[in-house]
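**Q** First, the structure itself, so that you have it in front of you.
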Amino acid sequence: MTIRETKLEGCFILEPKVFEDKRGYFLESYNQNTFSKLIGRNISFVQDNESYSSKGVLRGLHFQRGKHTQAKLVRVIKGKVLDVAVDVRQESPTYGQHVSIELSGENKKQFFVPRGFAHGFVVLSDTALFSYKCDNFYNKASEGGIIYTDSDLDVDWLLPTTDLIVSEKDLILPTFENICL
């Protein structure tokens, strides 16, 4: 597995070794020892989540507050998404900045998003099967988010706004300037 740090400290792009032959392929998607060594710290994942969505579905930008903050290791099993992480760590030199990466079943890249980040994605293919590990359990009372259209963040979602399918809950999220951490 290879690793590359993004412009946001602690956010990493991981690329597994893929072994392909006429039968198909094999890859090790997660190994606790390898992962910990690559990112330089131990993370204990406690919850796995999966979503299936159609083209244009935008989920995010979400985060958990306080003792319920979550680090995530995300990947796409089938399809293609644009995955986005926004730094919401107030003491960080990159506070308010974001990074985006295309994840797909074909490129098999993974994205590690540490605690202190808002996270979201939009489906670019007809459908996508999205999988992620979390290092803390979800807590409804601690959820927060940022509206995906925030002009200060200026995220390019790669699809026209009119083509996006967004939940009612995500449509009323506050701007970055007005989030409550």
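**Q** Of the residues Leu158, Leu129, Leu124, which single one is surrounded by fewer than 22 Cβ atoms within 10 Å (Cβ to Cβ) and more than 25 Å from Asp48 (Cβ to Cβ)?
**A** Details: Leu129 fails: more than 25 Å from Asp48 (Cβ to Cβ); Leu124 fails: more than 25 Å from Asp48 (Cβ to Cβ).
Within the list Leu158, Leu129, Leu124, the selection yields Leu158.
**Q** If you check every pair at least six apart or on different chains, which have Cβ atoms under 8 Å apart with a residue in segment 18-43 that is without any contact (Cβ under 8 Å) to a residue 60 or more places away in the chain first and a residue that is surrounded by 11 or more Cβ atoms within 10 Å (Cβ to Cβ) and part of a helix (DSSP H, G or I) second?
**A** Glu28/Thr34; Asn42/Ser36
**Q** Another question about this same structure. Can you name every residue in segment 49-63 that is under 26 Å from Cys180 (Cα atoms) and either out of contact with any Phe, Trp or Tyr (no Cβ under 7 Å at 6 or more places or on another chain) or at pLDDT below 95 (or both)?
**A** Val57, Gly60, His62
**Q** Something else: Tell me, which residue of segment 72-91 that is touching a Phe, Trp or Tyr at 6+ places or on another chain (Cβ under 7 Å) and β-branched (Val, Ile, Thr) is surrounded by the most Cβ atoms within 10 Å (Cβ to Cβ)?
**A** Val81
**Q** Just name the residue that is nearest to Asn107 (Cα to Cα) out of those in segment 1-57 that are in contact with a Ser or Thr (Cβ under 6 Å, 6 or more places away or on another chain) and part of a strand (DSSP E or B).
**A** Glu15
**Q** Would you pick out the residues in segment 156-180 that are assigned to a loop (DSSP other than H, G, I, E, B) and under 15 Å from Val57 (Cβ atoms)?
**A** If we filter segment 156-180 for residues that are assigned to a loop (DSSP other than H, G, I, E, B), which is where we start, we get 156-160, 164, 167, 172-175, 179-180.
Within segment 156-180, Trp157, Leu158, Leu159, Pro160, Leu164, Ser167 qualify.
**Q** Is it true that some residue in segment 41-58 is over 18 Å from the mean Cα position of the chain (by Cα), surrounded by fewer than 19 Cβ atoms within 10 Å (Cβ to Cβ) and among the small types (Gly, Ala, Ser)? It would help to see each step written out before you state the result.
**A** Filtering segment 41-58 for residues over 18 Å from the mean Cα position of the chain (by Cα) gives 41-42.
Next, from what is left, pick out any that are surrounded by fewer than 19 Cβ atoms within 10 Å (Cβ to Cβ): 41-42.
So of that shortlist, the ones also among the small types (Gly, Ala, Ser) come out as none.
Within segment 41-58 (the criterion being over 18 Å from the mean Cα position of the chain (by Cα), surrounded by fewer than 19 Cβ atoms within 10 Å (Cβ to Cβ) and among the small types (Gly, Ala, Ser)), the answer is no, since none of the residues qualifies.
**Q** Now a separate question. Could you tell me which residue of segment 132-155 is surrounded by the most Cβ atoms within 10 Å (Cβ to Cβ), considering only residues that are of a type in the set (Phe, Trp, Tyr) and either free of Cβ contacts under 8 Å to residues at least 60 places away in the same chain or in a loop (DSSP other than H, G, I, E, B) (or both)? If you could, list the steps in order and put the result at the bottom.
**A** The first filter runs over segment 132-155 and keeps only residues of a type in the set (Phe, Trp, Tyr), leaving 132, 137-138, 148.
If we keep only those that are either free of Cβ contacts under 8 Å to residues at least 60 places away in the same chain or in a loop (DSSP other than H, G, I, E, B) (or both) as well, we get 137-138, 148.
Numbers: Phe137: 11, Tyr138: 13, Tyr148: 21.
It comes out as Tyr148.
**Q** Also, quick follow-up: Kindly indicate which of Thr69, Thr94 is of a type in the set (S, T, N, Q), surrounded by 18 or more Cβ atoms within 10 Å (Cβ to Cβ) and farther than 15 Å from Phe111 by Cα. Reasoning before the result, please.
**A** On the way: Thr94 fails: surrounded by 18 or more Cβ atoms within 10 Å (Cβ to Cβ).
So the residue among Thr69, Thr94 that is of a type in the set (S, T, N, Q), surrounded by 18 or more Cβ atoms within 10 Å (Cβ to Cβ) and farther than 15 Å from Phe111 by Cα is Thr69.
**Q** Quick one: is Gly10 over 30 Å from Asp126 (Cα atoms) and free of Cβ contacts under 8 Å to residues at least 60 places away in the same chain? Talk me through it step by step, then tell me what you get.
**A** Values: over 30 Å from Asp126 (Cα atoms): yes; free of Cβ contacts under 8 Å to residues at least 60 places away in the same chain: no.
It is false that Gly10 is over 30 Å from Asp126 (Cα atoms) and free of Cβ contacts under 8 Å to residues at least 60 places away in the same chain.
**Q** Which ones in segment 74-90 are within 15 Å of Gln64 (Cα to Cα) and part of a loop (DSSP other than H, G, I, E, B)?
**A** As a first pass, look at segment 74-90 and keep what is within 15 Å of Gln64 (Cα to Cα): 85-90.
Of everything in segment 74-90, those that are within 15 Å of Gln64 (Cα to Cα) and part of a loop (DSSP other than H, G, I, E, B) turn out to be Val88, Arg89, Gln90.
The values are calculated or read from the model by the stated rules, or taken from the named source; none is laboratory data. Nothing here was measured: the structure is a model prediction, and the numbers come from that model. Here Cβ is always computed from backbone atoms with ideal geometry, including for glycine, and neighbour counts include all displayed protein chains.
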